[in-house]
1. If you take the residues in the stretch 30-64 that are part of a helix (DSSP H, G or I) and among the hydrophobic types (A, V, I, L, M, F, W, C), which one is surrounded by the fewest Cβ atoms within 10 Å (Cβ to Cβ)?
2. Take the residues of the stretch 253-264 that are touching a residue at least 40 places away in the same chain (Cβ under 8 Å) and over 27 Å from the mean Cα position of the chain (by Cα): which is farthest from Glu26 (Cα to Cα)?
3. Among the residues of the stretch 73-102, write down those that are among the aliphatic types (A, V, I, L, M) and either in a loop (DSSP other than H, G, I, E, B) or touching a strand residue (DSSP E or B) at 6+ places or on another chain (Cβ under 6 Å) (or both).
4. Find all pairs meeting these conditions: Cβ atoms under 7 angstrom apart; at least six residues apart or on different chains; first residue within the stretch 143-166 and in the same structural domain as Asn132 (by TED's automatic domain parsing) and without any contact (Cβ under 8 Å) to a residue 24 or more places away in the chain; second residue crowded, with 17+ Cβ neighbours inside 10 Å and aliphatic (A, V, I, L, M).
5. Going by the structure shown, is Glu109 in a loop (DSSP other than H, G, I, E, B) and in the same structural domain as Leu184 (by TED's automatic domain parsing)?
6. For the condition of a type in the set (A, V, I, L, M) and surrounded by fewer than 18 Cβ atoms within 10 Å (Cβ to Cβ), what is the one hit in Val176, Val159?
7. With (1) in contact with a Pro (Cβ under 7 Å, 6 or more places away or on another chain); (2) at pLDDT below 90 as the list, and Phe201 as the residue in question, which single condition is left unmet?
8. Looking at Gly79, Gly99 in this structure, which one is surrounded by 12 or more Cβ atoms within 10 Å (Cβ to Cβ) and either farther than 19 Å from Val246 by Cβ or out of contact with any Cys (no Cβ under 6 Å at 6 or more places or on another chain) (or both)?
Amino acid sequence: MDLIQNPVGIEYGDDTLTVKNVFETEKMRSTLKTMREYYQAGYINKDAATASDDKSIKRFVTKGDGQPYAELVWGKDLGYEVVATPIMDTYVTNISARGALTAINAQSEHPKKAVEFLNLVNTDEYLRNLLNYGIEGEHWDKTEVPADEAAKAQGKPYVYENKIKLNEKTRKNYSVSYWVQGGLFNTYVLENEPVDKWATFKEFNTSSVEAPSFGFDFDLEPVSTEVAGFGNVMDEFGKSLYTGSVDPEEYLPKLQEKLEATGIDKVIEEMQKQIDEWKASK
């Protein structure tokens, strides 16, 4: 579940995984206090708790899952420059591992053809770039790689002879996310990206480590009623607290009271039981 709707989290120790109410941790309390200070200083828009996520509006700062040169991809989709910096170590989590999984619907009338198409998406250079960027000559054009850059990248994997330049007039007519279609390593890089981007990306993947909870799936069934109730509580308090719109000193106790009434202790106990059993079976 998204943190906005999920008040339960797993804290990593040296050899332990401890389930906690995230709003009881010092880190969360400190974060909410800082957000309140930012809100009062005017760094956060006054309607942040109720405004829709309009990505066309430039922001001072936001947070997202990234990878090497992610800011260049975000800038391509948003239409303005983005600057990024990592704030934590690189982990492989259940969410990141499943984020780009592709499946064929059990009700598909042509499952074999669907598999053939997916194979092409992941092996055919023309099709992959067509899906990723649109039509060559309409949405984008090939551009040469500078000689010095090509020389530095010589011998590295996933390096192509050209980059691409997006057509500023038509780019908004076709814009999709890289990760929703297939593998990344047979796509061309943008003209403002390094030609060896995917070689760097491969190193990034290889150096990533599994999160201590990687592979654990919480079975919600025993506490499904309690977990469903979290949604209503977090709808009432979550966005206001996370945006600094309200004083956490006043509203955190109210949130905690409702979470306790909803059964957060029961959920924590059940999750801890399951995670201990999972860890013992590894």
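1. That would be Ala41.
2. Gly263
3. Val82, Val83, Ala84, Ile87, Met88, Val92, Ala100, Leu101
4. Partner pairs satisfying both residue conditions: Glu161/Val145.
5. Yes.
6. Val176
7. Answer for Phe201: the failing condition is (2).
8. Gly79
The values are calculated or read from the model by the stated rules, or taken from the named source; none is laboratory data. In this text the structure is predicted, and so the values were computed from the model without any measurement. Positions of Cβ are generated from backbone atoms using ideal geometry, with glycine treated the same way; all protein chains shown enter the neighbour counts.
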